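**Q** First the structure, which I've put down as C-alpha cells, then a few questions once you've had a look.
The values are calculated or read from the model by the stated rules, or taken from the named source; none is laboratory data. Note that the structure is a prediction, hence the values are computed from the model and not measured. Glycine also receives a Cβ, built like all others from the backbone with ideal geometry; neighbour counts cover every protein chain displayed. When the accessible area is computed, the model is the full protein with side chains, heavy atoms only, and any ligands, DNA or RNA have been set aside. Shrake-Rupley method; radii C 1.70, N 1.55, O 1.52, S 1.80 Å.
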Amino acid sequence: MLRHVTGVGTTNERDRESWIRRQLEALPAGWRLLDAGAGEAPYRKYCGHLEYVSQDFARYVPSMDPTGLQMKEWSYPKHDIVSDIAAIPEPDASFDAVLCAEVLEHLPEPLSAVRELSRLLKPDGVLILTAPFASLTHFAPYHFASGFSRFWYEAHLPALGVRIEEIAPNGSYFDFLAQELRRLPEIAQRYASRAPGLRERIGMRLLLDALEGCAGSDAGSAELLCFGFHVRGRKS
C-alpha cells in the first residue's frame, strides 16, 4: 500500500502569511504603515495596532483576460490611495513601515516601485517585501516577471538606502516541484485535454512521496529554487 503523502508543496501561502504576520505584529504600536499593492487587503487584520494605509491601482478584473491562472473572484475594498505604485502621492518619509507582498511580478518596472517605497520610508523605517522566485503566469494581463532571486534584492536594496536585515527563502526546490506536480492534473486537463490515468496517478503519488522525503532532509536547495524570498530591510 502506498504511504499517504503529507503536505510537501502545499505550504507556500500559509508560510508566507505566517512570516508577514510576525513582521507586522512586531512593529511598534502607532506606526504609520503603507500596504502597497494591497489588493484585497488580506493583511489589514494584523495591523490593528498600526495606522494602516492601503494603496492599489485597483484595475484587476479576473474576467478581463483568460490567460494563465486567474482568481475566480476578486473584490477591492475602498483603498486609501488609488494610484500607480511607482508614483504614490505622499511626501518623502511619510511612513514608518511599508509592506509590499506578492506585487513586484505584476509591475512593468519593479525597481521603480521599490525606489518609490524607499522614498516614502522614514529613516530607520522598515520595508517588508515578498515576491515569487519563480511563478506561473497569473493575474494576466498584469504579469511581467517570473520571479526575483535573493541577488536581485541584494543588488538593489542597499543601492536605494535600505539595509537588508533578513532574507529568508519560502520552501525549497522539492517543495516547488511538489506544488507543480499537485497542479499537473488541472493543467493537463486545461492545456492537453486529458486527465492522468491510473498508472500516471500512481507515479505521481510515488514521486510526491520521494519529494516529501527529500524536503524533510533538505540542506539548502532553496538556492536553486523556492517559492520566493521574504525580505525585511531598514531605511538608512
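**Q** Can you say whether GLU166 is on the phi < 0 side of the Ramachandran plot, open to solvent by 10 Å² or more (accessible area, probe 1.4 Å), free of Cβ contacts under 8 Å to residues at least 40 places away in the same chain and within 18 Å of the chain's Cα centre (by Cα), as far as the supplied structure shows?
**A** no
**Q** Something else: Do you know which residues across region 1-21 are modelled with pLDDT of 95 or more, open to solvent by less than 40 Å² (accessible area, probe 1.4 Å) and assigned to a loop (DSSP other than H, G, I, E, B)?
**A** VAL8, GLY9, THR11
**Q** Among residues belonging to region 170-193 that are of a type in the set (S, T, N, Q) and part of a helix (DSSP H, G or I), point out the one that is farthest from TRP19 (Cα to Cα).
**A** The selected residue is GLN189.
**Q** Out of the residues in region 202-236 that are surrounded by 13 or more Cβ atoms within 10 Å (Cβ to Cβ) and of a type in the set (D, E, K, R), which is farthest from PHE133 (Cα to Cα)?
**A** In this case the residue turns out to be ARG205.
**Q** Let me ask something else. Condition first: in a strand (DSSP E or B), of a type in the set (Lys, Arg) and over 17 Å from the mean Cα position of the chain (by Cα). Can you find one or more residues in region 22-37 that meet it?
**A** yes
**Q** Something else about it: Scan ALA215, ALA140 and give me the residue that is under 20 Å from the mean Cα position of the chain (by Cα) and more than 30 Å from SER94 (Cα to Cα).
**A** That would be ALA140, the only listed residue that is under 20 Å from the mean Cα position of the chain (by Cα) and more than 30 Å from SER94 (Cα to Cα).
**Q** Taking only region 119-139 into account, find how many residues are surrounded by fewer than 17 Cβ atoms within 10 Å (Cβ to Cβ) and either over 24 Å from LEU34 (Cβ atoms) or aliphatic (A, V, I, L, M) (or both).
**A** Matching residues across region 119-139 total 3.
**Q** Is there a residue in region 200-212 that is closer than 18 Å to LEU69 by Cβ, part of a helix (DSSP H, G or I) and either touching a Leu at 6+ places or on another chain (Cβ under 6 Å) or of a type in the set (Phe, Trp, Tyr) (or both)?
**A** No, there is no match, as no residue in region 200-212 is closer than 18 Å to LEU69 by Cβ, part of a helix (DSSP H, G or I) and either touching a Leu at 6+ places or on another chain (Cβ under 6 Å) or of a type in the set (Phe, Trp, Tyr) (or both).
**Q** Among the residues of region 144-155, what is the count of those that are modelled with pLDDT of 95 or more, open to solvent by 40 Å² or more (accessible area, probe 1.4 Å) and either closer than 17 Å to ALA101 by Cα or in contact with a Gly (Cβ under 8 Å, 6 or more places away or on another chain) (or both)?
**A** Total meeting the criteria: 3.
**Q** Which residue out of ALA140, ALA155, ALA134, ALA159 is touching a Cys at 6+ places or on another chain (Cβ under 9 Å) and outside any strand (DSSP E or B)?
**A** ALA134
**Q** Condition first: closer than 29 Å to LEU99 by Cβ, at pLDDT 95 or above and among the β-branched types (Val, Ile, Thr). Can you find one or more residues in region 201-224 that meet it?
**A** No; the residues of region 201-224 include none that is closer than 29 Å to LEU99 by Cβ, at pLDDT 95 or above and among the β-branched types (Val, Ile, Thr).
**Q** Condition first: open to solvent by 30 Å² or more (accessible area, probe 1.4 Å), touching a Ser or Thr at 6+ places or on another chain (Cβ under 7 Å) and within 30 Å of ALA178 (Cβ to Cβ). Can you find one or more residues in region 86-95 that meet it?
**A** no
**Q** How many residues does region 41-60 hold that are closer than 18 Å to LEU107 by Cβ and part of a loop (DSSP other than H, G, I, E, B)?
**A** Within region 41-60, residues that are closer than 18 Å to LEU107 by Cβ and part of a loop (DSSP other than H, G, I, E, B) number 4.
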